[in-house]
Every structure is written in C-alpha cells, then in structure tokens.
1. Can you find a residue in the stretch 39-55 that is surrounded by 22 or more Cβ atoms within 10 Å (Cβ to Cβ) and either hydroxyl-bearing (Ser, Thr, Tyr) or touching a Cys at 6+ places or on another chain (Cβ under 6 Å) (or both)?
2. Restricting to the stretch 286-312, name every residue that is crowded, with 17+ Cβ neighbours inside 10 Å, in contact (Cβ under 8 Å) with a residue 60 or more places away in the chain and either assigned to a loop (DSSP other than H, G, I, E, B) or small (Gly, Ala, Ser) (or both).
3. Kindly indicate whether any position in the stretch 151-172 is hydroxyl-bearing (Ser, Thr, Tyr), out of contact with any His (no Cβ under 6 Å at 6 or more places or on another chain) and at positive phi.
4. Kindly establish whether Ile102 is of a type in the set (A, V, I, L, M, F, W, C), more than 18 Å from the chain's Cα centre (by Cα) and either under 25 Å from Val278 (Cβ atoms) or not assigned by TED's automatic domain parsing to the domain that holds Ile257 (or both).
5. Of all helices (runs of 4 or more DSSP H) completely enclosed by the stretch 1-82, which ones contain at least 1 residues that are among the basic types (Lys, Arg) and not assigned by TED's automatic domain parsing to the domain that holds Pro221?
6. Does any residue of the stretch 118-138 turn out to be among the aliphatic types (A, V, I, L, M) and part of a helix (DSSP H, G or I)?
7. Checking Leu18 against (1) surrounded by fewer than 16 Cβ atoms within 10 Å (Cβ to Cβ); (2) closer than 25 Å to Met154 by Cβ, which test does it fail?
8. Take the residues in the stretch 147-160 that are of a type outside the set (Ser, Thr, Tyr) and more than 25 Å from the chain's Cα centre (by Cα); name whichever of them is surrounded by the fewest Cβ atoms within 10 Å (Cβ to Cβ).
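The values are calculated or read from the model by the stated rules, or taken from the named source; none is laboratory data. Worth saying up front: this structure is predicted, and the values here are computed from it rather than measured. Note that we place each Cβ from the backbone using ideal geometry, even for glycine, and neighbour counts take in every protein chain shown.
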Amino acid sequence: MKNTALTHIHESLGAKMLPFAGYNMPILYEGVNAEHETVRNAVGVFDVSHMGEFLLSGPNALALIQKVTSNDASVLTIGRAQYSCLPNDKGGVVDDLIIYKIKEEQYLLVVNASNIDKDWDWISAHNDLGVDMKNISEDYSLLAIQGPKAVEAMQALSSIDLAAIKYYHFEVADFAGIDNVIISATGYTGSGGFEIYCKNTEVEQIWNKVFEAGAAYGIKPIGLAARDTLRLEMGFCLYGNDISDTTSPLEAGLGWITKFTKEFTNSENLKKQKEEGVTRKLVAFEMQERAVPRHDYEIVDGTGAVIGIVTSGTMSPSMNKGIGLGYVTVANSAMDNDIYIRIRKNDVPAKVVKLPFYKK
C-alpha cells in the first residue's frame, strides 16, 4: 500500500487510516459530521495526493485530448480548467477528469486515484499522434483547502489575489514560500476554496504554513468520509458509484460535457443515444421518512416493481435527512416523482428533487 508524503502527519494527528485506491488514506479525524460542518462554515484541508496527474505536451496534445475526451478542450485558454470524461467504446465511461491548460501545447490531466493505470493505458493506446506523455502522479501532492473562509485565511501565503481566481480557473504562482505552485479553484465540496498542486518534497512545508495561517479561522484537517458527504450534498458524481464503465455520460446527466461539435471515442453512438433518448437517468432524491439510502439499494415504484438502483446515499449532515443519487427508468425520473427505496425489505418513500441538495 502506498503512502502520501503526509501520511506520517495524519497518523500523528490520530486520523483513522484505511486503504483507498491503493493508498493509506485518512478517512476521518474527529468525525464525519464535525468535519463536514468545518468545511461548510469555516475552512478544512484534505490531503488528496492519491489523485493522478498526467502531463501532455507537444503540438498534438490538444488533438489527443479532443480525441479521447467528451468535452471541447479547444475553448481552453491558459489558466482555465475543464471538467470532462473519457468515454469508452462500449457506451460507458473510462473515468471523469479535469483538464488544465498550463501553457500553449501543454495540458495537465487530473484523474481519479483508482483509475490511474487504466486511464494511462487508455490514453496511451490512442496516442498515435506523437504526444509526449508523462505520468507525474507519484511525484506530486494535492491539497484541497475548502470552505467559505479559505481565501481569507490563505491570502497571506501568496502574492496573488486568491479571491480573483474564478471557478474552474487557476494560477501558477507562489504559495507558502514555494514558487510555481498550481492554485486552482476546482473544488469538490460546493463551499469555495481551492486546490494546491505541488511536489512531494514541498507539501509538508505548505501543509504546516497552511495550518499556521488558518489557525485564527478554525482550520482543521478533513478526511475522505466528509469529502463524500460534501460532494453528495452538491450532487457531484463519484466515479465507481454514479458513473462507471457501464453508464453513459448522457444517462448520468453529463450531456453538458458531451460536445458533438467534434469526433471523439464512441461519439457516433452517443450522438445516436442523444437523438433517440436514454432509457434510464441518474436522479437525485430525498427520503420522506428518517432513513439512510445506501449504494446498491433497490429503487421501486408504488407497486413494488424495481425501477432502478441507488448509486450514492447518506444522511446529509447539513440537512439532517437521507439523500441520494440513483438510476431510474425515464418514466420515473420526473421532478417531484414519488419513488421508494427498498431498505431491509421495507419500501421507504422518497421524492425526486432538483440538485444541489444543499443550497447555501
């Protein structure tokens, strides 16, 4: 099992450590609800250094990205990032990812930790364009500094105006005494803040200075369990749950990152699916009674017929009610539709709702 450059710090802080995507990761420190509230109301720091980073360079870098991803990366300018996915050739998704345009002819692809090898092999197999590819995942660390007080708490650590970095934009600048750090506003919590990409040799200095600067703002370390409840309250998809090798981006509600202005892997079949319409859709739902929906629970209609499956579910710490995402037949996907979650043989009522669950 791999460690991040900060594993020894998490252990010294008493974090509950568990294997995640081949890494020894901090799952929680003081408890999910307390950590969740810290991010919603103040500022918290996640070590997400297990994520993968690929650097694609050369005159054909954009052409390769356009070929393997669903979104249109040609609109990116230096300093902008884009959410996208890697469609497979069977109608599903290899992974979702974020693409950063670092400079002309150079892009950073950030992929899910559990898919690093799979994604690398997939992109490499399509690289008949001579693009220089570097897998820098093992050399780089990633901190997510999240919460409404993040910008104010961290401003003293950089010479650039952190508040000026718009959502899905980034700067390469100084941070916590280190030069050439990527400071990116591509958060996964819905509470503002930013991410810091740096070398493994630099991350401990950054971590220490971040906690010094944030002390007056109630800063705390946050585990991956709270990361999951935070992203679910926003309705952000998690690969392996809400999107997978067998779910199409259109079924997952990711039509907005599926651009048919270009050709990409399986684009012809996906375009046909868009024209003909999908048979199932990913919906958000809230429990109407006190109950917690869980991954793989069956979703049924009023007659008890199975109409789908829960992909993500939790008891929302912010709203104190059960919330979830799941695939249902299109006929049952309308807003305010009554559905039922089968929990230990009981069909518990739920209602299809609009995202995000959590509204500031």
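1. So far as the stretch 39-55 goes, yes, one or more of its residues are surrounded by 22 or more Cβ atoms within 10 Å (Cβ to Cβ) and either hydroxyl-bearing (Ser, Thr, Tyr) or touching a Cys at 6+ places or on another chain (Cβ under 6 Å) (or both).
2. Within the stretch 286-312, just Ser312 meets the criteria.
3. Checking the stretch 151-172: at least one residue is hydroxyl-bearing (Ser, Thr, Tyr), out of contact with any His (no Cβ under 6 Å at 6 or more places or on another chain) and at positive phi.
4. Yes; evaluated as a whole, the condition is true for this residue.
5. In the stretch 1-82, the matching helices (runs of 4 or more DSSP H) lie at 61-68.
6. yes
7. Every condition holds for Leu18 apart from (2).
8. Ranking the qualifying residues of the stretch 147-160, first place goes to Ala156.
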